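The values are calculated or read from the model by the stated rules, or taken from the named source; none is laboratory data. All figures in this text were calculated on a predicted structure; none of them were measured in a lab. Virtual Cβ from ideal backbone geometry, glycine too; neighbours counted across all protein chains shown. The accessibility values were calculated without ligands, DNA or RNA, using every heavy atom of the protein model including side chains. Shrake-Rupley method; radii C 1.70, N 1.55, O 1.52, S 1.80 Å.
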Amino acid sequence: MKKKTITLKVNIGKLKLKNPVMTASGTFGYGREYAEFFDISRLGAVVVKGLSLKPRQGNQPPRIVETASGMLNSIGLQNIGIDSFIENELPFLKKVKVPVIVNFFGDSIPEYAEAAAKLGATKGIHALEMNISCPNKQAGWSIFGTDPRVTSKVIMAVRKATSLPLIVKLSPNVTDIGLMAKTAEDAGADAISAINTLTGMAIDIRSRKPKLANIIGGLSGPAIKPVALKMVWECYKSVKIPIIGMGGITTAEDAIEFMLAGASAVAVGTGNFINPAITMEILEGITSFMEEEGISSLKQLKGEAH
Amino acid sequence: MRSWKYVLSKLFKAVVTENKRLIKDHYLLTLSPLKKIKKNRPGNFFMISVESGLDPLLKRPFSLHRSTKNGFQILYRVVGKGTTILSNKTPGDILDVIGPLGNTFPVNNKHRNILVAGGLGIAPIFGLADSIVNSPGLEQPLLFYGARTGKEVLCKKNLADISIRPVIATDDGTAGKKGNIVKVLEKFLKSGSINVNEYSIYACGPKPMLKALSALTNKLGIKGYAALEQSMACGIGTCLGCVVHTTRGLKCVCKEGPVFPLNEIVW
């Protein structure tokens, strides 16, 4: 086989990454814990746990349940708040020199805009990922991710508030995800993250009660991969902006499938819980695959299954 | 940044050297890590993959029972899918493990230490007893041990080897006193000859037992600590799945525990 120079570089709008493997929000904390297991500067980017203007306590326990090849969580957006993140966590990530993507959310359109403005004015943040799709919030909140008119309004408000690359994380709990992706693109998003968790539940047959205190939770892990892949496929058909594919990725093969469906980059979520160094195995696996296939750039994979 | 050598030591493969059925559904697993791992201390736990496939997906947390020359032991009971698979492992099988994780029992060097175990709570409590006995200058700890039946009183020989004679209570009276171990402990503490300021309590066991114990220690003003158990996905403080209520808010059992002061746990 003739030796080619391989590049793993990808661009997510203005955001330039050295490789396409990042972490999914809510599965990697603020990076510190995983630095005990591998050199996190080797990641394409770290996507931190979702932040809000004020700290949040989250939902009552029990918060997680294992299901067949997956897990349900109802953490409820527990986080330390934007100020504490900037003061106590961001300096560590800056020192590591890894691109930082901050996932954030608000309870109202002005709160979303205020959070984005604050984060956008902070040095050391490379992009924002807007969470409009967490299933673990009180009734009414899901409207940001499921009603295209509201989705459009909230994204436009955030777009005005910051010039950082803006990624919108879509909910799979909709009828037409292609429409939601198009809505995000038209409202000014630079990229799409797809997908967030699928809503689900589990019941304890002895106590006759739901296993999660919150009753419903978000399903993640390999169980949702085929669904996520199909949704990335649909987003790719409806938008031109880059897609970050996620949902049950645990191997390089999974990651490559997402790229073939149209993803420019991938994020690993629940996989981090199973093996804290899984992202490095995936990264190495992608490189080996490219060598085996004689591929020099990820562009040769993106959307190739269409 | 820390060096790679250190960095990798908490993620390792371990070979099963023994997986012995003790009684009914209770097993003793001996693991030998395939590389040098961090020093284990009583209270620490390990996340163990029972299967290399995707179902069951998550690692399971198991408390350290005791350290051995070439590794460590886990004492467990078969309660579901994961532990059923684990019980079928045989010597030579290799498991993926993360650990040691979590905090440790803050043993008070100046106090007389009272250990309280309920059921499988003996798993970490035995290791703690062993460590106290082998620490020069520490007084021999007292052990109060409750179980459902006499048959379920474990570690009898190992306790005898370190000269600990436990005060035992069983639900059916087939060993020791019939009834609740916390009641037995209460009687001892209230016997008159005891200055509670000279004692610390370390416990592990079912929630009702720990709840009763926490009421007792709060009432008597004795310092006490308990190792808690909770379902968890990551074991390192990132999934935020294993939180418990404390007087300082919700805390992760994996990272801020598993050992908590009894007077901080909100039941």
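Of the strands (runs of 3 or more DSSP E) lying entirely inside segment A:204-306, those containing at least 1 residues that are in contact (Cβ under 8 Å) with a residue 60 or more places away in the chain and in contact with a Phe, Trp or Tyr (Cβ under 9 Å, 6 or more places away or on another chain) are A:243-246, A:265-268. Only one entry of A:T5, A:T67 meets the criterion of being in contact (Cβ under 8 Å) with a residue 40 or more places away in the chain, farther than 19 Å from A:G269 by Cα, open to solvent by 30 Å² or more (accessible area, probe 1.4 Å) and over 16 Å from the mean Cα position of the chain (by Cα), and that entry is A:T5.
Looking only at segment B:180-223, how many residues end up being among the aliphatic types (A, V, I, L, M) and in a loop (DSSP other than H, G, I, E, B)? Result for segment B:180-223: 2.
Just one of B:V133, B:V167, B:V107 is open to solvent by 30 Å² or more (accessible area, probe 1.4 Å), outside the structural domain of B:K219 (by TED's automatic domain parsing) and either touching a Phe, Trp or Tyr at 6+ places or on another chain (Cβ under 8 Å) or under 27 Å from B:E256 (Cα atoms) (or both); which is it?
Only one candidate passes the filter, namely B:V107.
List pairs: first in segment B:44-63 and assigned by TED's automatic domain parsing to the domain that holds B:V15 and in contact (Cβ under 8 Å) with a residue 60 or more places away in the chain, second crowded, with 24+ Cβ neighbours inside 10 Å and assigned to a loop (DSSP other than H, G, I, E, B), Cβ under 6 Å, 6+ apart or cross-chain? Within 6 Å, the pairs are B:N44/B:L64; B:N44/B:G102; B:F45/B:G102; B:M47/B:K59; B:M47/B:G235; B:L58/B:A233; B:P61/B:M232; B:P61/B:G235.
Check segment B:226-243 and report whether any residue there is open to solvent by 10 Å² or more (accessible area, probe 1.4 Å), farther than 23 Å from B:A123 by Cα and more than 7 Å from every other protein chain (Cβ to nearest Cβ). No: segment B:226-243 contains no residue that is open to solvent by 10 Å² or more (accessible area, probe 1.4 Å), farther than 23 Å from B:A123 by Cα and more than 7 Å from every other protein chain (Cβ to nearest Cβ).
Could you tell me which of the residues B:F105, B:F46 is closer than 30 Å to B:G137 by Cβ and assigned to a strand (DSSP E or B)?
On inspection, the qualifying residue turns out to be B:F46.
Flag not set for B:K156, criterion: in contact (Cβ under 8 Å) with a residue 40 or more places away in the chain, out of contact with any His (no Cβ under 6 Å at 6 or more places or on another chain) and of a type in the set (K, R).
One line per residue, one yes/no per condition, for (1) in contact with a strand residue (DSSP E or B) (Cβ under 6 Å, 6 or more places away or on another chain); (2) among the aliphatic types (A, V, I, L, M); (3) open to solvent by less than 60 Å² (accessible area, probe 1.4 Å):
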residue	(1), (2), (3)
A:I125	yes, yes, yes
A:S142	no, no, no
A:D147	no, no, yes
A:S152	no, no, yes
A:K182	no, no, no
A:A191	yes, yes, yes
A:G200	yes, no, yes
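Is there a residue being touching a residue at least 12 places away in the same chain (Cβ under 8 Å), under 30 Å from A:G221 (Cα atoms) and in the same structural domain as B:A147 (by TED's automatic domain parsing) anywhere in segment B:217-225? Taking every residue of segment B:217-225 in turn, none turns out to be touching a residue at least 12 places away in the same chain (Cβ under 8 Å), under 30 Å from A:G221 (Cα atoms) and in the same structural domain as B:A147 (by TED's automatic domain parsing). Among residues that are surrounded by 14 or more Cβ atoms within 10 Å (Cβ to Cβ), outside any strand (DSSP E or B), within 14 Å of chain A (Cβ to nearest Cβ) and modelled with pLDDT of 95 or more, B:I37 is not included. Kindly indicate whether B:L86 is within 24 Å of A:F273 (Cβ to Cβ), touching a Phe, Trp or Tyr at 6+ places or on another chain (Cβ under 8 Å), in contact (Cβ under 8 Å) with a residue 40 or more places away in the chain and not in a loop (DSSP other than H, G, I, E, B). Yes: the conditions hold for B:L86. Is it true that B:K20 is assigned to a strand (DSSP E or B), surrounded by fewer than 20 Cβ atoms within 10 Å (Cβ to Cβ) and within 14 Å of chain A (Cβ to nearest Cβ)? It is false that B:K20 is assigned to a strand (DSSP E or B), surrounded by fewer than 20 Cβ atoms within 10 Å (Cβ to Cβ) and within 14 Å of chain A (Cβ to nearest Cβ). The residues of segment B:41-70 that are in contact with a Ser or Thr (Cβ under 6 Å, 6 or more places away or on another chain) and surrounded by fewer than 23 Cβ atoms within 10 Å (Cβ to Cβ), listed by number, are B:R41, B:L54, B:D55, B:N70.
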